[in-house]
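The values are calculated or read from the model by the stated rules, or taken from the named source; none is laboratory data. This one's a predicted model, so the numbers in the text were calculated from it and none came from an experiment. Because the Cβ atoms are built from the backbone with ideal geometry, glycine has one as well, and the counts that use them run over all protein chains shown.
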Amino acid sequence: MEIFRNPEAFFLLLLIPLFVLRHVQGLYGDGAAVTHPAVFAMGSRGRIWHHLLFLVKMFAFACLIVALARPQKALAGEDVINEGVDIIIDLDISGSMDARDFKPNNRLEVAKQVVQDFIKGRRADRIGLVVFASQAVTRCPLTIDYDVLLNLVETTRLKMLPDGTAIGNSLATALSRIRESRAVSRVIILVTDGVNNSGEIDPLTAAEMARTFGVTVYTIGVGSRGEVPYPVRNPYTGREELVPVKVDLDEQSLQEIARRTGGQYFRAVDPAALRRIFKQIDALEKSEIKIRRWTTYSELFSSWLLGGMALLGIWLVLTETLFRRIP
């Protein structure tokens, strides 16, 4: 964006009509002036050259006025000063997340969409992703590159890991990624629909570790109660069919993990409930953001000044030589 530091200088442009009037009077006055013989030989064309010379002087005058107005290019921006919240999304991708009670997709696809919406709602917090089944792996370390993180969430699939549910190991993996953080608030959001049945670390032991490091764990139990439709391949037809299956959820352990770490436990029985839960966590863990706005200016008057001086020089040379008039 370009601005003028001294815009009042443009009032000098009001002098141009006076210059025009004086120019006309000089050309069509009493004719007493003596012109250069070469110009006199041009006849009427000599008068045209006098008009062009006058235009050169006016352009020089206009350029000098613009330079006097001090044109500047303004570069504005803002620095975000974030008090800091580091968040690890700990997402269950075990086989039970393929249950179809979260229409129109399975539990994992709905959870992924909700997680993506949550990420898009943050401004400057570092967020990471851990996924687990019988093993736990870091899909994305803490980052503010949300585009990369969103892509990794989108490409997360079932059967990426051997089946099982290692809640304790997943919490330990998430802790390894966040415990060295110096953020004001450090949070793990655990999303699961099962019971810990794999891994070497007990979930409550992992919860004690989180409490020791001052990490808050929010736990979300996913899935409707009772039997849920689950895809099973028919061995005779080879087709996938939905059959009612009972999927266990260890709510007591999830509640205890949240309690010990100062977090909260939530139960999401449908997609709408899961979205509300993430919005609630989003509100609970909002970071304090301060924005410092700044503007830098670069001067542009020099080019106008040089242009005006160059035109003025041309005008002076011509008026003292070829177009010199002597009364």
So how many residues does segment 140-185 have that are under 16 Å from Arg211 (Cα atoms), aliphatic (A, V, I, L, M) and outside any helix (DSSP H, G or I)? 2
Looking only at segment 153-184, filter to residues that are of a type in the set (A, V, I, L, M, F, W, C) and loosely packed, with under 15 Cβ neighbours inside 10 Å; which one of those is farthest from Val85 (Cα to Cα)? Met160
Given the structure, is Ile188 surrounded by 23 or more Cβ atoms within 10 Å (Cβ to Cβ) and either under 23 Å from Gln280 (Cβ atoms) or touching a helix residue (DSSP H, G or I) at 6+ places or on another chain (Cβ under 7 Å) (or both)? yes
Report, by residue number, each residue of segment 146-177 that is small (Gly, Ala, Ser) and in contact (Cβ under 8 Å) with a residue 40 or more places away in the chain. Gly164, Ser170, Ala174
Within segment 16-73, helices (runs of 4 or more DSSP H) holding 2 or more residues that are among the small types (Gly, Ala, Ser) and modelled with pLDDT of 75 or more: 44-68
What single numbered condition from (1) over 19 Å from Tyr218 (Cβ atoms); (2) touching an Asp or Glu at 6+ places or on another chain (Cβ under 7 Å); (3) assigned by TED's automatic domain parsing to the domain that holds Ile201 fails to hold for Asp98? (2)
Is there a residue in segment 235-255 that is at pLDDT 90 or above, among the basic types (Lys, Arg) and either outside the structural domain of Val66 (by TED's automatic domain parsing) or in contact with a Ser or Thr (Cβ under 6 Å, 6 or more places away or on another chain) (or both)? no
State all residues of segment 91-106 that are more than 10 Å from Tyr230 (Cβ to Cβ) and crowded, with 19+ Cβ neighbours inside 10 Å; if no residue qualifies, say none. Leu91, Asp92, Ile93, Ser94, Met97, Phe102
Output for segment 1-15, where each listed residue is at pLDDT below 85, among the hydrophobic types (A, V, I, L, M, F, W, C) and exposed (fewer than 13 other Cβ atoms within 10 Å of the Cβ): Met1
